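The values are calculated or read from the model by the stated rules, or taken from the named source; none is laboratory data. Nothing here was measured: the structure is a model prediction, and the numbers come from that model. Cβ coordinates were reconstructed from backbone atoms using ideal geometry, including for glycine residues, and neighbour counts include every protein chain displayed.
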Amino acid sequence: MTDNIIEVRDLVKHFPVRVGVLFKHTVGHVRAVDGVSFDLRRGETLGVVGESGCGKSTLAQVLMRLEPPTGGSATFEGRDMFAMKGAELRKLRRDIQIVLQDPYTSLNPRMTVGDIVGEPFEIHPEVAPKGSRAKKVRDLLDVVGLNPEHINRYPHQFSGGQRQRIGIARALALRPKVIVCDEPVSALDVSIQAQVMNLLGDLQTEFGLSYVFIAHDLSVVRHLSDRVAVMYLGKIVEIGTEQEIYEHPTHPYTQALLSAVPVPDPELRGQRKVIRLEGDVPSPVDPPSGCRFRTRCWKAQDICAEEEPALITRVAAHPSACHFAEEKSVVP
């Protein structure tokens, strides 16, 4: 068995664009995810960052089997994820869980905390005998830092950070091997974000979890990630270790993102040049030819419109999808 728990190759997810009322016909496709490849190793956190609409959440939905792929492949512990059915698929759903973005809408307001955290045991009764479920729910609440005595309370009686802890407890219930975190702290205050991030780090160490951590805030991703994949318009444009991406970025888009990260120290802030991108993100229905970033890139030349750059190692020790990749430090 390899060190990779998930292997994704050339993953594609397109959504049809249909017009008409009675007789709808397809006029195009939204290329939400368009040829994404990566590995997730056991016990590591892979951060996925990019602007809104770049395909991060769609990638999460496909990995969770909530959306069928248009093309490509993905394996979990060497087994084809998209070919699984029946009992094998049920086992996969126990092994891969998700923590959703908004703790205010991801919890059923009509259910108590005990029912929410215990619901996975109802769906997968083989995991816990009925008589032991209440104790398991209390133990899960204690693990995520909540009072087990609040098992009969409802979601509206908790703060946003506490609700996200409830969502994390629910994800832990079946003892998964992988948790997909889809912007789990973006709806929380900064101080609460730090608490939840620290909790996720502690849980990873305690339970040996692997995370796919999706976010648009690069400072949040850096806190937890071992490796980082930068997405733009459905594709990964750069991937590497946390140190490689944050200290030695080679793709212009990554450099622009990092230059926008706030720096608390006024002196250091004055030493950094902010890269301002011109224009809007192109439509995923009709992306530019060649390099998709070329319409906003200050390095773009004729070859960028004619030939799509491969995600390969060029000037640094990690892959970057740019014909003119160059190592550049943007964070003082």
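In this structure, does residue 128 turn out to be more than 27 Å from residue 59 (Cα to Cα), more than 25 Å from the chain's Cα centre (by Cα) and of a type in the set (Gly, Ala, Ser)? Yes. Would you please name the residue that is farthest from residue 209 (Cα to Cα), looking only at residues in segment 226-257 that are in contact with an Asp or Glu (Cβ under 8 Å, 6 or more places away or on another chain) and among the acidic types (Asp, Glu)? Going through the qualifying residues, I end up with 242. Where residues in segment 174-205 are in a loop (DSSP other than H, G, I, E, B) and touching a His at 6+ places or on another chain (Cβ under 9 Å), which of them is modelled with the lowest pLDDT? This residue is 186. For beta carbons closer than 8 Å, sequence separation of 6+ or different chains, a first residue in segment 203-219 that is under 21 Å from residue 5 (Cβ atoms) and a second that is of a type in the set (Asp, Glu) and crowded, with 22+ Cβ neighbours inside 10 Å, the qualifying pairs are 214/182.
Set side by side, the residues 134, 128 differ, and just one is assigned to a helix (DSSP H, G or I), hydrophobic (A, V, I, L, M, F, W, C) and over 22 Å from residue 181 (Cα atoms), which is 134. Here is the figure for segment 298-317: residues that are surrounded by 20 or more Cβ atoms within 10 Å (Cβ to Cβ) and either of a type in the set (Lys, Arg) or part of a loop (DSSP other than H, G, I, E, B) (or both) total 2. Between 59, 46, 63, the distinction of being among the aliphatic types (A, V, I, L, M), in contact (Cβ under 8 Å) with a residue 60 or more places away in the chain and either surrounded by fewer than 18 Cβ atoms within 10 Å (Cβ to Cβ) or over 25 Å from residue 285 (Cβ atoms) (or both) belongs to 46 only.
I need the full set of residues from segment 17-60 which are among the polar types (S, T, N, Q) and closer than 30 Å to residue 312 by Cβ, in order please.
Within segment 17-60, 37, 45, 52, 57, 58 qualify.
If you go through segment 1-35 and keep only what is within 30 Å of residue 226 (Cβ to Cβ), exposed (fewer than 12 other Cβ atoms within 10 Å of the Cβ) and of a type in the set (S, T, N, Q), you end up with just 2.
All of 163, 133 fail the test of being farther than 30 Å from residue 51 by Cβ and of a type outside the set (Phe, Trp, Tyr), apart from 133. Would a scan of segment 70-80 turn up a residue that is under 22 Å from residue 222 (Cα atoms) and in contact with a strand residue (DSSP E or B) (Cβ under 6 Å, 6 or more places away or on another chain)? No, because not a single residue in segment 70-80 is under 22 Å from residue 222 (Cα atoms) and in contact with a strand residue (DSSP E or B) (Cβ under 6 Å, 6 or more places away or on another chain).
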